[in-house]
Structures are given as structure tokens and as C-alpha cells.
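Have a look at the structure below, then the notes.
The values are calculated or read from the model by the stated rules, or taken from the named source; none is laboratory data. Fair warning: this is a prediction, and the values are worked out from it, not measured in the lab. Cβ atoms come from the backbone with ideal geometry, glycine included; neighbour counts cover every protein chain shown. What goes into the accessible areas is simple: the full protein's heavy atoms, side chains included, and nothing from ligands, DNA or RNA. Shrake-Rupley method; radii C 1.70, N 1.55, O 1.52, S 1.80 Å.
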Amino acid sequence: MAIDIVSVGGYVPPDVVGNETIGNWAHVSEDWIESRTGIKERRYAPDDMATSDMAMNAARPLVADPAVKENVGVVVLATATPDQPQPATASFVQDGLGLRAVPAFDINAVCSGFLYSLTVAEAMMATRCDAKYGLVVGADKFSSIMDRDDPRTVSLFGDGAGAVLLGHVPDAYGIQGAALLADGGAAGLVRVEGGGTRHPLDSDSLDAGEQLFRMEGRAVRDWGLQFVPKVVQDALSQAGWSAAEVDRVILHQGNTRLVEALAEALGISDDKVALTAPEFGNTAAASIPLTLFEEHNRRPLRRGERVLLASVGGGMTAAALAMTWY
């Protein structure tokens, strides 16, 4: 049997941070933010809420049924803002949800992390993991690494989590194509330089802000417009579809303008493309599952719909996945 998403969940913190607040921090106008990004607001988690807490809030409804919980055979968590350097944040999620002792690990492909994780979990369930269900979560707390003086980044990012439960479905449905790539030569475009073994944090690096997130936005956009179409074409080719045959598209919500540019580059009409960037901003690894959750609530996906998921992220990374919804 094929593997498909059988249920989806999402969570955003209650605290709304609007453009007026961001503008005051970064010394830019609300109009400057909205005209360049299309983002109107985003959510920030409180200081005492960890990435794993948001992940569990998104995933908990998916494993509430004891018959599901006892049959989850793998947990994969996508995040670039883990609870702590080690162990994996997935371990805290596994324990907090009361799941049994099964593989649980993190993947960091920044904003492409969820699709990387989904592809890995699907492969494990199909070949090496005797599991009825798999849990894949994307969660990030980028508010914890924002430079509030930098309008190029603080205007974009918010916090959140999204989760999906994978299960077995008839062969005519499910994940039918997946493509991943990374370009380490462009790794400097998205980065947190301090805190690892290359640049351990000390008083000088903290004063220099090396613990904070940096991004070269225009270069990231250009990279994405070059490489996302490549992975999309690969995934669609595996599925045997053309772009015109796709019914629904979930793109990484880097910002509204990026979503619009990617849709145009892919030749996909706006009415097929889900959009949550205006209200949630860029939630990084949570972006795609959270948008899928919101889109499914807004206009439920129907059995047989052809769905395309695609992302661009730090690394630089790109990913695409084609599935027929069951």
C-alpha cells in the first residue's frame, strides 16, 4: 500500500505581533513592511514556551485515539530552533505525547525541513519500519533568534507548528513523487553563525549578535526561483503529472511576494495556491504543515485531489512532494 497524510494539525501561539510593533522595533513604517512582504501580522510564543511545546500542541489531536497512539512507529521533527543542542527535540515530543519507544529524531533543513522529514518518514514506513502510522512535525520559534533591529528578517518571521499523521492507503493514492536538493555553496545566504563548534558563543560573539538569525533576502528569492522549479518538475515527473493537472498547491510561506513569484514561475494559477503568510508570516519548518492545516479547514481537501507541496530553505535547500489525497 502507499503512504499518505491521513490527518493534519496546526498550532500558533495566541500573541499577535502586528506591523506597528515590528516597525517600532526596526524603525520602518507599517507600509514599508506590508508593501515589500505582504505580511500583516505574525505570532510570537511566550518566553516559557519551547519549540517542543508548540510541536506537541499541533500533534496531540492526531494521536488522541489510543488505537493510533500505540501504533505510531516513527517520529520525525523538523526544526531549526531546537529546545536545546541535544538531545533531539523529537525526544521531548515523543515523551510528552506518551508515544512508545520508536525512532524519534530531528531534521534541520531550515524551511525545507518538513518536506525533508516527510520524505524520510515515508521511505522508512515503506521499506524499513513496520509501522501503521508515522508522525511528522514541523515547529520553529524564530522569535527567539530575531534581531529586532533588522527589518529584513524581523518583519518576516513568526512562531508556530504543524503536524501530519502518515498512514497506509490504497496504491492509487498517497505520495507519488518526492524530490530534495541542497546547495552548500549558498549556505551563507541563511545562517545563525554563533553557537556551534565553528563559532562558540562568548562575550565578544554575543556582543556581535552572532547568536541571531541573518538572511540575504534578495539572493534567497533568486535562488528559490532557480531551484524550486527544478525539484517541482522532478516530483511531478515521478507522479506522471503536469503542473496544469495539480489541484491544490502548498508553498513555503516565506512571504506573500515570494509565494506569488514562485506560483508564477511554476505556471500555477493563484486560485490553486494556499496563502497564510499575511496572518502568520514565515513560520519556517512549520510553514507547509500549518498552511496545509489552515487550507484543509478553509476548504477541505477531497479524495482524489492532486496536491503539490514545495519549499525553499536555508542550506540552501529545496524540496517538492506530489500526492493524491485520500
Report, largest value first, the span of the C-alpha coordinates of the range 2-137 along each principal axis, in whole Å. 54, 30, 29
Proximal lysines relative to Lys132, as straight alpha-carbon distance under 24 Å, when same-chain residues fewer than 8 apart are discounted: Lys69
Calculated over the range 38-111: convex hull of Cα atoms, volume per residue (Å³): 117
With R₀ set to 51 angstrom, the calculated FRET efficiency between the beta-carbons of Arg257 and Thr197, to the nearest 0.05, is 0.90
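Take every DSSP beta bridge with both residues inside the chain and express the antiparallel ones as a percent of the total, to the nearest 5. Don't skip to the end; give the middle numbers.
Details: 40 of 55 bridges.
So the antiparallel bridges in the chain amount to around 75 percent.
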Probe of 1.4 angstrom, ligands and nucleic acids ignored: what's the accessible area per residue over the chain, in square angstrom? 41
Highest-MSF residue in the chain out of Ala50, Ala265, Ala182 [GNM, Cα springs under 10 Å]: Ala265
If unit charges are put on Cβ atoms (+1 for Lys and Arg, -1 for Asp and Glu) and the dipole of the range 270-326 is taken about its Cα centre, the option from Ser287, Leu275, Tyr326 lying farthest towards the positive end turns out to be Tyr326
For Lys230, go through the lysines and keep the ones whose alpha-carbon is under 23 Å away, minus same-chain ones fewer than eight residues off. Lys272
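Based on the mean of other beta carbon atoms within 10 Å per residue, what is the order of 6-12, 219-225, 316-322, most packed first?
Output ranking for 6-12, 219-225, 316-322: 316-322, 6-12, 219-225.
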Taking K and R as +1 and D and E as -1, what net charge do the other residues with C-beta under 14 Å from the C-beta of Glu245 add up to? +1
Does the range 166-219 come out rounded, prolate or oblate by the C-alpha gyration tensor, with a ≥ b ≥ c the root eigenvalues, rounded set by a/c under 1.5 and, if not, prolate when a/b is larger than b/c and oblate if not? prolate
Near Glu260, within a Cβ-to-Cβ distance under 12 Å, what is the net charge of the other residues, with Lys and Arg +1 and Asp and Glu -1? 0
Debye equation applied to the C-alpha atoms of the range 169-297, log10 I(q)/I(0) at 0.12, 0.16, 0.17 Å⁻¹: -0.59, -0.93, -1.01
On the formula 1/(1 + (r/R0)^6), with r taken between the Cβ atoms of Asp65 and Val102 and R0 of 22 Å, the FRET efficiency rounded to 0.05 is 0.85
Suppose R0 equals 41 Å. What FRET efficiency, 1/(1 + (r/R0)^6) with r the Cβ-Cβ distance, do His27 and Gln84 give to the nearest 0.05? 0.80
State the percentage of accessible surface on the range 36-191 attributable to carbon and sulfur atoms; use a 1.4 Å probe and exclude ligands, DNA and RNA. 48
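List the trypsin sites (Lys or Arg not before Pro) in the range 265-326 that DSSP assigns to loop (not H, G, I, E or B) and whose Cβ has at most 15 other Cβ atoms within 10 Å. Which are they?
Sites meeting the loop and neighbour criteria: Arg302, Arg303.
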State log₁₀ I(q)/I(0) for the chain at q = 0.12, 0.13, 0.15 Å⁻¹ as given by the Debye formula over alpha-carbon point scatterers of equal weight, solvent excluded. -0.76, -0.90, -1.22
